[in-house]
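Report on one structure; see the data block that follows.
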Amino acid sequence: MGTVAAIGEQVRVGGLSLVGVTVHAAEDPEEVRRAWQVLPGGSTLVILTPAAAKALGAVALESVRPLVVVMPP
């Protein structure tokens, strides 16, 4: 079974660690892109904040693996 990861602002993704999500706090677009590059190969689901999704653009949103979802604003 794969892992679930979240990328985005700490205030939005921090609490997800309480349920076992690997959290990559990223406060600016450069940190978001860096976090995306270091995702473990076994990640099956990535949760993005709206700001993180904007920073990654089509690269993430068109991804088949891992499955990517964007939090509501």
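The values are calculated or read from the model by the stated rules, or taken from the named source; none is laboratory data. All figures in this text were calculated on a predicted structure; none of them were measured in a lab. Methodologically, a virtual Cβ is constructed for each residue, glycine included, from the backbone with ideal geometry; neighbour enumeration extends over all protein chains shown. Only protein heavy atoms, including side chains, enter the accessible area calculation; ligands, DNA and RNA are left aside. Shrake-Rupley method; radii C 1.70, N 1.55, O 1.52, S 1.80 Å.
At-a-glance table
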{"quantity": "The chain - percent of accessible surface contributed by carbon and sulfur, probe 1.4 Å", "calculated": "61"}
{"quantity": "Accessible area in square angstrom per residue, the chain, 1.4 angstrom probe", "calculated": "61"}
{"quantity": "Pair E27, V69: separation of 7 Å Cα→Cβ label points (nm)", "calculated": "2.8"}
{"quantity": "The chain - Debye-derived log10 I(q)/I(0), Cα point model, q = 0.20, 0.22 Å⁻¹", "calculated": "-0.73, -0.90"}
{"quantity": "Loop-located GluC sites (Glu not before Pro) in segment 5-73 whose Cβ has at most 14 other Cβ within 10 Å (DSSP)", "calculated": "E27, E62"}
